[in-house]
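**Student:** Handing you a structure now.
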Amino acid sequence: MVNEHLITVDMFMKLTRPTSKHIDYGEVETFIRECEDLYIIPAIGLERFKNLLKDRKEEKYIKLLDGGEYEDKEGILKKCSGLRFALSYFVYAKMIMSDGGLLTRTGLMQHNDSYASREDDKNRVRRYNDVMEIAETYLGSCLAYLKSVEGDKIKPARGTRVRIHSIG
């Protein structure tokens, strides 16, 4: 297959919030693969994902990938944000939480730079939650589009990050 992912690193940099041009392309490609596996494939199904990679030029897949307007079953105009936007924001959130740590033979290391400072954990988690909210909203708009086009086979993706633990 020519391109086995929905986006490239260059697409990621254009579709999300401003990102440094000095990012590690290999790390971003890994995050793209992980986010496809964790968020996109479970939401749309492996078969549809494979079809997207194979038949990108088909009209319903173009809208699903890149977004656009459509009318739902009641004739109401709606917007599909596109899987590429959703995936880009999932990757962006993952990068926020990775915080530049590198695994070495001596353990997880983090480089310090005298020209920049790291966000504290509270701000990083707040930003992560904000970006994940956007990613889940974009993915939800894609699933609403699929539901409109293909029927009731699609399940919503909202609330996938909440874990409830019973105490006592």
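**Student:** Output the number of residues of region 1-16 satisfying the condition of being surrounded by fewer than 17 Cβ atoms within 10 Å (Cβ to Cβ) and at pLDDT 90 or above. Outline the logic, then answer.
**Tutor:** Here is the first cut: in region 1-16, the residues surrounded by fewer than 17 Cβ atoms within 10 Å (Cβ to Cβ) are 1-4, 8, 10-11, 14.
Right, trim to at pLDDT 90 or above and you get 8, 10-11, 14.
Looking only at that region, the number is 4.
**Student:** Quick test of your reading of the structure: E27 fulfils all but one of (1) open to solvent by less than 60 Å² (accessible area, probe 1.4 Å); (2) modelled with pLDDT of 95 or more; (3) not in a loop (DSSP other than H, G, I, E, B). Name the failing condition by number.
**Tutor:** Looking at each condition in turn, E27 falls short on (2).
**Student:** If K79 satisfies every condition in (1) over 22 Å from E29 (Cα atoms); (2) free of Cβ contacts under 8 Å to residues at least 24 places away in the same chain but one, which is the exception?
**Tutor:** Condition (2) is where K79 drops out.
**Student:** Let me ask something else. Just give me the residues in region 49-70 being open to solvent by 100 Å² or more (accessible area, probe 1.4 Å), more than 16 Å from G140 (Cα to Cα) and not in a helix (DSSP H, G or I), in sequence order.
**Tutor:** Selection gives K57 alone.
**Student:** Further, regarding this structure: Considering region 30-40 alone, what residues qualify as being surrounded by fewer than 18 Cβ atoms within 10 Å (Cβ to Cβ) and either closer than 16 Å to Y138 by Cβ or touching a Gly at 6+ places or on another chain (Cβ under 6 Å) (or both)?
**Tutor:** Residues of region 30-40 surrounded by fewer than 18 Cβ atoms within 10 Å (Cβ to Cβ): 30, 33-34, 37-38.
Within region 30-40, just L38 meets the criteria.
The values are calculated or read from the model by the stated rules, or taken from the named source; none is laboratory data. Model, not experiment: these values are computed from the prediction. Quick reminder, even Gly has a Cβ in these numbers, built from the backbone with ideal geometry, and neighbours come from all protein chains shown. Just the protein is used for accessible areas: all its heavy atoms, side chains included, with ligands, DNA and RNA removed. Shrake-Rupley method; radii C 1.70, N 1.55, O 1.52, S 1.80 Å.
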